[in-house]
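Below is one structure; the comments refer to it alone.
Laboratory data are not the source of any read-out in this text; all were calculated from the coordinates shown. All of these numbers come straight from a predicted model, not from anything done at the bench. Counting neighbours? That spans all protein chains shown, and the Cβs are built from the backbone with ideal geometry, glycine included.
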Amino acid sequence: MNEADSLKLSAGLSKFGLQQVATDENADLVVINTCAVRQHAEERAFGQLGNLTKRKKDGHNFKLAVMGCMVSNNNKDLQKRFPMVDVWAKPQEFDPIIELMIEESDISSGEFWPETFGTPKGITAFVPIIHGCNKICTYCIVPLRRGREISREPLEILHEVKHLAKAGVKEVTLVGQTVEAYGKDLDTIQTDLADIFEEIETIDGINRVRFLTSYPVDMTKKIIDAVSNCKKVCEHFLIPVQSGSESMLKKMRRGYSILEFKKRVNYIREVMPTAAISTDIIVGFPGETTKEFEDTIALIEEYKFDKIHIAAYSPRPGTYAYRKLEDDIPLEIKKERLQILEAIQKKISIEKNTKLIDSTFKVLVEKEESGKCTGRTSSNQLVHFNGENILGDIVDVHIHEVSPWSLKGIIANSNEIAII
Ligand code: SF4
């Protein structure tokens, strides 16, 4: 979401003649686009702000803007801590940053945003389709910072995807905090994610469509069936479960039961047996007992996800959990649980990937440097192989080597010999 926002801001600024520069050393404007979901991300932003503040104090003349999740309606504390920041802009609030650099008289109507789509340099791009979140997970700062769910008009999304296709993008990832909630808030139009998939199917130049992040309750049978039926939509799901324990899910106020989560995953595997399913897990949530943690282990061992993003719980100021639930799991236990899950997942990934040796996959070439190529399969597996002048193509790659995190192969029917 932040990458897409940065691109959009960059496109807006370049409309007024500003150019992106390689480093911030000689920039007239430095924008820090922040994430506040985890403490670590916030600390990194603070570190960068500290360095830039020092540079300003040393006499360097540039404007400094902070945008994104770290910015809220009340930034008094941040303003006090970083008085050298010229503008604080909430997520998708681009105008104050534009106005910082451009004479107000040069801005015609403020209506330039809808058609100002960023053009990424690569062949993949993120397209936000819904902003904000209506859920109330007790640990999460996102609804407080990004507001309630607001879907973009379908025509605007399709216009943007066509623009990206013309610029050479081959794969778009439709993003939203809860992407399947798309369309629910649109009063005048009846549409959903499945409809958007079907529309993008008809756009020439776009060969692949991905989507994230899924929220189990919003995943309808219609959407899952559309993933299965639309040729361009990749059979890859990121469905955060967060915990395998019923009581933990209640404490997190995730809004679904383990059974409801399992039903979705079972249905996906029924209609798309080879679909890749990834998930997110939080360990060390307040009060997590050994038994509750073991429930998570049991879920992972039963469902054998393709990938798991594991995070140790860190309290975020402003959330319900921060105010009401004591962060009572010691850091060393959190770390230990995190390592246990990582080890289990590593074993699962090795087992799964080993079965892929000698298979051939269609890979979209996303990077090519001196004959070394990197791309991804439809199921989001990273693949390394040799090739020349094939950037943006979809090629058949025969796999001969695997690790828990990626695959290695050679282009099928090439003269190259795999050295194993
Ligand atoms: S679904 Fe929950 S965790 Fe995800 S963005 Fe919304 S509130 Fe946060």
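Quick notes
- For E149, residues with placed amide H under 5 Å, excluding near neighbours: C133, N134
- Per-residue Cβ neighbour rank within 10 angstrom, fewest leading, E180, E366: E366, E180
- Here's the picture: charge each Lys and Arg Cβ at +1 and each Asp and Glu Cβ at -1 in the chain, and of H309, N2, L164 the one pushed furthest to the positive end of that dipole is H309.
- DSSP-loop trypsin sites (Lys or Arg not before Pro) across the stretch 166-214, with at most 14 other Cβ within 10 angstrom: K184
- Seen from P240, the other residues with C-beta closer than 9 Å to its C-beta sum to a net charge of 0, counting Lys and Arg as +1 and Asp and Glu as -1.
- DSSP loop chymotrypsin sites (Phe, Trp or Tyr not before Pro) with at most 14 other Cβ within 10 Å: longest gap in the chain: 17-404
- Computed over the stretch 35-74, the convex hull of the alpha-carbon atoms projects to a mean area of 3.2 nm².
- Taking every alpha-carbon pair under 8 Å whose residues sit at least 6 apart, the chain reaches a relative contact order of 10 percent.
- Cβ-derived FRET efficiency at R0 35 Å, N413 paired with I150, nearest 0.05: 0.15
- Amide proton proximity set for V283, modelled H, under 5 Å, gap of 5+: A311, A312, Y313
- Of all DSSP bridge pairs formed entirely within the chain, close to 40 percent run antiparallel.
- Whichever lysines have a C-alpha closer than 16 Å to that of K362, once near sequence neighbours (fewer than 8 apart) are set aside: K170, K231, K232, K408
- Reachable aspartates and glutamates, given that their alpha-carbon falls under 15 Å from the alpha-carbon of K263 and they are not under 8 places away in the same chain: D218, D225, E246, E302
- Between the stretch 364-414 and the stretch 119-154, the Cα center-to-center distance that results, in Å: 30
- Put a dot 7 Å past the Cα of R269, heading toward its Cβ, do the same for N61, and the two dots end up 6.4 nm apart.
- Around I277: net Lys/Arg minus Asp/Glu count, Cβ-Cβ under 14 Å: +3
- Residue-averaged [θ]222 nm for the chain, counting only DSSP H segments that reach four residues, each worth -39500 (n - 2.57): -10500 deg cm²/dmol
- Looking at the stretch 227-323, none of the GluC sites (Glu not before Pro) sits in a DSSP loop with at most 13 other Cβ atoms within 10 Å of its own Cβ.
- Neighbour-count order for R323, R152, R264, R253, fewest beta carbons within 10 angstrom listed first: R323, R253, R152, R264
- Rounded to 5, the percent of DSSP beta bridges in the stretch 360-411 classed as antiparallel: 90
- Alpha carbon Rg of the chain, scaled by the compact-globule rule 2.2 N^0.38 Å: 1.04
- Loop-located trypsin sites (Lys or Arg not before Pro) in the stretch 1-57 whose Cβ has at most 14 other Cβ within 10 Å (DSSP): none
- FRET efficiency, 1/(1 + (r/R0)^6) with R0 25 Å, evaluated for S359 and W405 via beta carbons: 0.90
- Considering only I333, T173, T319, and ranking their Cα positions along the charge dipole of the chain that arises from unit charges at the beta-carbon of Lys, Arg, Asp and Glu, the one farthest toward the positive end is I333.
- Here the extension length gained between E93 and S370 equals 95.7 nm, from 0.36 nm per residue of separation less the Cα-Cα distance.
- Per-residue extension of 0.36 nm, minus the Cα-Cα distance of A343 and F46, leaves a gain of 103.7 nm for this segment.
- Amide H contacts of C373 (H built 1.01 Å from N, in plane; Pro and chain starts excluded): F385, N386, G387 sit under 5 Å, all sequence-distant by 5 or more or on other chains.
- Inter-centroid distance (Cα atoms) of the stretch 62-79 relative to the stretch 1-55, Å: 12
- Residue pairs, from the table K8/K221; K221/K307; K262/K335; K262/K346; K334/K367, whose Cα atoms sit over 31 Å apart: K8/K221; K334/K367
- With the simple model of a label 7 Å out from the Cα in the direction of the Cβ, S257 to E301 spans 2.4 nm.
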